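To start, the structure itself, in structure tokens.
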Amino acid sequence: MPTIRRLPETLINRIAAGEVVERPAAALKELVENAIDAGAGQITVRLAGGGLDLIEVTDDGCGMDRAEMALALERHATSKLPDEAIELVTTLGFRGEALPSIASVARLTIESRPGSHAEGWQRVVDHGDVVLDGPAALPPGTRIRVTDLFARIPARRKFLRSARSEYAACLDVVRRLAMARPDVGFVLEHDGRRALAIQGGEGLARRVAQLVARELADEGVAIEAERGFGTGAVARLTGVAGLPTFNRGVADHQYLFVNGRPVKDRLLIGAVRGAYADMLARDRHAVLALFLEVPPEEVDVNVHPAKTEVRFRDPAFIRGFLVSGLRHALEGGAGRSAQPASVAAMGQWQVEPLGPAAPPVPPAPALGSLFGREHSAPSPRVHEAGLAWRQYEREVMSPASYTSGGLTSAGLAPVGRAEPAIDPGPGEGGDDAAAFPLGVARGQVAQTYIVAEAADGLVIVDQHAAHERLVLERLKAAGAGDRLAASQALLIPEVVELDEPACDRLEDCAADLARFGLAIERFGPDAMLVRAVPAPLAGGDIAALVRDIADDIALHGTALLLGERLDLVLATMACHGSVRAGRALSVAEMNALLREMERTPRSGQCNHGRPTWVKLAHGDIEKLFGRA
């Protein structure tokens, strides 16, 4: 039998370093978190070779004296846990492993001076061995230098990426921590070049826009939401969320924080995806920064060595809170359109030559000045929909219009055939353009785009994208009562075979699922009996639906995903039931569409995140013709 032995301290530290310091960015994260916990108001980071050659973090925090410095280099020594209540920790770091772990795999130099001391102290540890311990001259605060990372562990160093990749990871760490603390100033230098310099004391929205995307200042909405736990405690959600039309092809512009700690948590990421479910295409991702504050006893922050994952006491509550808070904020953005700039599209504008004697026409201005980020919020001057829209409401939105394949096109002219013009009358085409944020319809281009005249410019509307959003919002509004949650009973109940744990999870959630219209019951150890399904899902693959819900519950511990699934189904129905491109509209129909857009939440983007309208200001039109 092998003999049990106690490992040497140096090997213990190297094993701990494998958990804490797998790359330069991980070491940098620990050092910057220590600086923040020390009460720093300004933090300066210097890197060389992506952090492989040098990591230096300087702060103006409380500092350490000689005895505290020696203790800080011992494992499991920390100033951040005054007692044994580890679940009530409020600091970023508390395990007490970062400094000794880094010192065991690199050359670590610590210089520190408390504000009450006339001089500072320094200690140098080279791969676990103390090589210098003496006084140092520096202002109050702490400076830590890390060099020769993994120099004596070539097996670890060869698995690191290029200096450029390691620097990118370090930059991401600093950005996330700087975002969490807008009251702290940050400076980042890499190979002698200043890459980041932001002052402390800024507001959250400004700090987020500086670090994520400056366009968020105009193309994002502020988030401010609160919800109480059953215990009386309160959860608070703040941050900035980009409009659905302001999106990215990858999800690396989503920043999530729990109690000021940057995290990459699957539950929170899933909640973000659910909140944007019917507003973004599947291959597009929202841009946002969310800050969730919950009581310490409601979250476990020590489930991951690097503390990048957390575990909530009530994950269903947290997920529902995030989804509803995000959706409410996005609805406040109502009709805002964040059409991204397209210089190529503007380059298609043609200028008619005026002859050889005519002066040259100035080039078209940049698109950023052409497409203003106007907010078509509901206006007190918005009239009720005219005859065309009321006819649409009666015929298209009536229960008789529902079919197994989606919505019929009752009440609308067939594609390619124009309806006879309808006298606009009050509230229609005969009004002054100043009465409406989106103006009055003047015509249709390519039977796809509505051209309207507003008081401050020219509005171009994608009729299919706009109507798709209107139909979806109408369906969802109808579902606020009992209509959407109504069940369609199955003539013959369907048996769905699953493994026993999945059946147990579904059985526990049967009452919640019934509220959405899905009636299920246990049918033996490894099967569920489905007696009714939500009306919009009737005729679908019931077995696949139940299996997907079981997987969702296993992943998130909640049946909330069923509601999001219904949103996706409604989005598909809305797409089938909307006015198609290539459909000729009467003036009355066009104006009815514009008026409904002005009243409808989130009408600035379609269900796939594309803009529904853009605007050319009068001044920009004049520039196109050389008048300005």
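The values are calculated or read from the model by the stated rules, or taken from the named source; none is laboratory data. Everything numeric in this text was worked out from a predicted model, so none of it was measured. Quick reminder, even Gly has a Cβ in these numbers, built from the backbone with ideal geometry, and neighbours come from all protein chains shown.
Quick notes on this one:
- Selection within segment 104-126 - over 41 Å from the mean Cα position of the chain (by Cα) and either of a type in the set (Val, Ile, Thr) or outside any strand (DSSP E or B) (or both): SER116, HIS117, ALA118, GLU119, VAL124, VAL125
- Subset of segment 441-455 that is surrounded by fewer than 22 Cβ atoms within 10 Å (Cβ to Cβ) and in contact with a Lys or Arg (Cβ under 8 Å, 6 or more places away or on another chain) - its residue that is farthest from MET597 (Cα to Cα): GLN447
- Residue check for VAL301: over 21 Å from GLU224 (Cα atoms), hydrophobic (A, V, I, L, M, F, W, C) and in contact with a Lys or Arg (Cβ under 8 Å, 6 or more places away or on another chain): yes
- Check on VAL131, more than 21 Å from HIS253 (Cα to Cα) and without any contact (Cβ under 8 Å) to a residue 12 or more places away in the chain: yes
- As for segment 209-220, it holds no residue that is in contact with a Pro (Cβ under 6 Å, 6 or more places away or on another chain) and either crowded, with 20+ Cβ neighbours inside 10 Å or at pLDDT 90 or above (or both).
- Looking only at residues of segment 272-285 that are at pLDDT below 90 and of a type in the set (A, V, I, L, M), we find that the one that is surrounded by the fewest Cβ atoms within 10 Å (Cβ to Cβ) is ALA281.
- Cβ pairs under 8 Å, 6+ apart, first in segment 171-189 and more than 18 Å from VAL240 (Cβ to Cβ), second hydroxyl-bearing (Ser, Thr, Tyr) and assigned to a loop (DSSP other than H, G, I, E, B): none
Residue by residue, here is whether (1) loosely packed, with under 15 Cβ neighbours inside 10 Å; (2) closer than 30 Å to THR44 by Cβ; (3) in the same structural domain as ALA466 (by TED's automatic domain parsing) holds:
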site	(1), (2), (3)
VAL184	no, yes, no
ARG193	yes, yes, no
ILE223	no, no, no
GLU226	yes, no, no
LEU237	no, no, no
PHE246	no, no, no
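- Count of residues meeting criterion [modelled with pLDDT under 75 and more than 16 Å from ASP37 (Cβ to Cβ)] in segment 88-118: 0
- Matching residues in segment 233-273 - criterion: being under 19 Å from LEU330 (Cα atoms), charged (D, E, K, R) and in a helix (DSSP H, G or I): ARG273
- Within this structure, ALA225 passes the test of being part of a strand (DSSP E or B) and aliphatic (A, V, I, L, M).
- The residue that is modelled with the lowest pLDDT, among those in segment 465-495 that are surrounded by fewer than 18 Cβ atoms within 10 Å (Cβ to Cβ) and part of a helix (DSSP H, G or I), is ALA478.
- Within segment 246-263, the set of residues being over 17 Å from THR308 (Cβ atoms) and either touching a Gly at 6+ places or on another chain (Cβ under 6 Å) or among the small types (Gly, Ala, Ser) (or both) comprises ASN247, GLY249.
- So VAL250, is it in contact (Cβ under 8 Å) with a residue 12 or more places away in the chain, crowded, with 22+ Cβ neighbours inside 10 Å and of a type outside the set (Asp, Glu): no
- Against the numbered list (1) among the basic types (Lys, Arg); (2) within 26 Å of ARG161 (Cβ to Cβ); (3) modelled with pLDDT under 95, ARG46 comes up short only at (3).
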